[in-house]
Amino acid sequence: MQTRSPATSLDAQIEEAFGRPITALRHDLENPAVRRVLEIRAMLAVVERHLDQIRDRLHTATAPDRNCAELADEDLTVDAEWLAAAGRSRNHQAQAITSLLRAGPPAAPRKQDRTARDSTARSAFSPTPRASAVTLPHR
């Protein structure tokens with residue numbers, strides 16, 4: 001059973017690059033570029049969700065209505081370290097996706113290109129005029 005990862009900050013760029021929504025891309029996993037981008041996107045979704053949780057925890061701990069005596073330096077330090085680590089991971093995942101998208105997903109051949117390629121392939125196998133004019137000796 002495949003679980004769906006939540007939206008990420010790069011979904012619009014991914015959808016624009018491939019010309020399809022994320023849900024449609026999940027059905028094209030035989031395409032190596034799509035598969036790789038979706039794998040990294042899944043990791044990005046986890047990291048971004050983790051960043052949200054840390055941010056919410058810090059906001060709750062430092063809310064204006066909270067008593068300053070309740071703040072624990074050690075907890076804030078750990079949360080700040082987690083925030084920095086998750087931020088670096090998020091940046092790494094985003095950079096990997098951006099690099100893959102810049103490299104460009106393989107585009108489908110244009111109709112003109114396919115027609116030219118097909119006619120070239122056919123002409124390579126069509127008989128030459130000289131070969132059809134050759135007569136075989138009778139025995």
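The values are calculated or read from the model by the stated rules, or taken from the named source; none is laboratory data. Quantities reported herein were computed from a predicted structural model and do not represent experimental measurements. Accessible surface is based on the protein model in full, side chains and every heavy atom, while ligands, DNA and RNA are left aside. Shrake-Rupley method; radii C 1.70, N 1.55, O 1.52, S 1.80 Å.
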Grab every C-alpha pair in the range 1-70, bin the distances at 10 angstrom width from 0 up to the longest one, and report whole percents. 18, 39, 19, 14, 9, 2
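Calculate what fraction, in whole %, of the accessible area of the range 39-92 sits on carbon and sulfur atoms when a 1.4 Å probe is rolled over the protein chains.
Details: 2100 of 3770 Å².
Looking at the range 39-92 in its full context, I get 56 percent from C and S.
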For the range 9-20, what does the Karplus curve 6.51 cos²θ - 1.76 cosθ + 1.60, with θ = phi - 60°, yield as ³J(HN,Hα) per residue in whole Hz, taken in order and with x for Gly and Pro? 6, 10, 4, 4, 5, 5, 4, 5, 5, 9, x, 8
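In Å², and per residue, what accessible area does the range 7-107 have when probed at 1.4 Å with the other protein chains present? Each step should come with its number before you reach the end.
Values: 6490 Å² over 101 residues.
Result: 64 Å² per residue.
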